[in-house]
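Following: one structure in structure tokens, then a few remarks.
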Amino acid sequence: MKAKGPRGTKAVARAVEEPSVPPIPATAWAVLGLLSFGRELSGYDVKQWADAILRFFYWSPATSQIYAELRRLEELGLVASRVVARDDVRGKRVYRITAEGLTALERWQVETDAEAPVLKHGLMLRVWLGHVAPPERLREQVVAHRERLRAELDDARESQRVAAGEPDWSYPALVAGWTCRRIEDELALADEMLADLDRLQRHDS
């Protein structure tokens, strides 16, 4: 086999030093993903979009996180920004994904596996420690959780309605539909937990 010369050695070294997928955190990929739908967005717009859909299945980054990731992505050449006129006082900076950013996002999607979901259920932590809480307090917490879920389901259905009205949002519409079903399942679980608590209280009394 022919030995590699200096040129081949340098090429291998560069490949090792420069991973095909940039080593950026999940928040950066989420922000880049929001820009991948082809619209110029301000940091405020990104936050609004995150609150409207990302929070249902991942999380909604804080505004400070979003601006930090936009700066990081711009430094890497994955997004570009410009200032557009907004009023007589100052302009608004908007961001768009670059060709390099779209390529990086596509490679991240293809070359990396999705991490396992992590469930942090504050209510279940309270129920798990139910032996140190009055039964009526546990019931109050489950009822409050159920009311939050109902409000969240209304928001998710509105997100689904908006996504269904956008021709390029067929995949976000799928996720919105999944979100609605997930919340409906969680509502059913809350009802079952209330019934379980009632049975347990009758058994212990």
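Of all residues being outside any helix (DSSP H, G or I) and basic (Lys, Arg) in segment 49-105, which is surrounded by the most Cβ atoms within 10 Å (Cβ to Cβ)? Just the residue, please. Only one residue fits best here, namely 93. Remark: pairs (first residue in segment 176-196, part of a helix (DSSP H, G or I); second residue surrounded by 14 or more Cβ atoms within 10 Å (Cβ to Cβ) and of a type in the set (Asp, Glu); Cβ separation under 7 Å; 6+ apart in sequence or on different chains) = 183/152. Taken residue by residue, segment 142-159 has at least one member that is among the small types (Gly, Ala, Ser), assigned to a helix (DSSP H, G or I) and farther than 27 Å from residue 39 by Cβ.
Take the conditions (1) without any contact (Cβ under 8 Å) to a residue 24 or more places away in the chain; (2) in contact with a strand residue (DSSP E or B) (Cβ under 8 Å, 6 or more places away or on another chain); (3) of a type in the set (Phe, Trp, Tyr); residue 128 misses just one of them, which is (2). Restricting attention to segment 155-189 and to residues that are over 12 Å from residue 56 (Cβ atoms) and among the acidic types (Asp, Glu), the residue that is surrounded by the most Cβ atoms within 10 Å (Cβ to Cβ) turns out to be 184.
Any read-out appearing in this document is the output of simple, stated calculations on the displayed coordinates, not a laboratory observation. No experiment lies behind these values; they were computed from the predicted model shown. For neighbour counting, all protein chains shown are included, and Cβ atoms are generated from backbone atoms with ideal geometry for every residue, glycine included.
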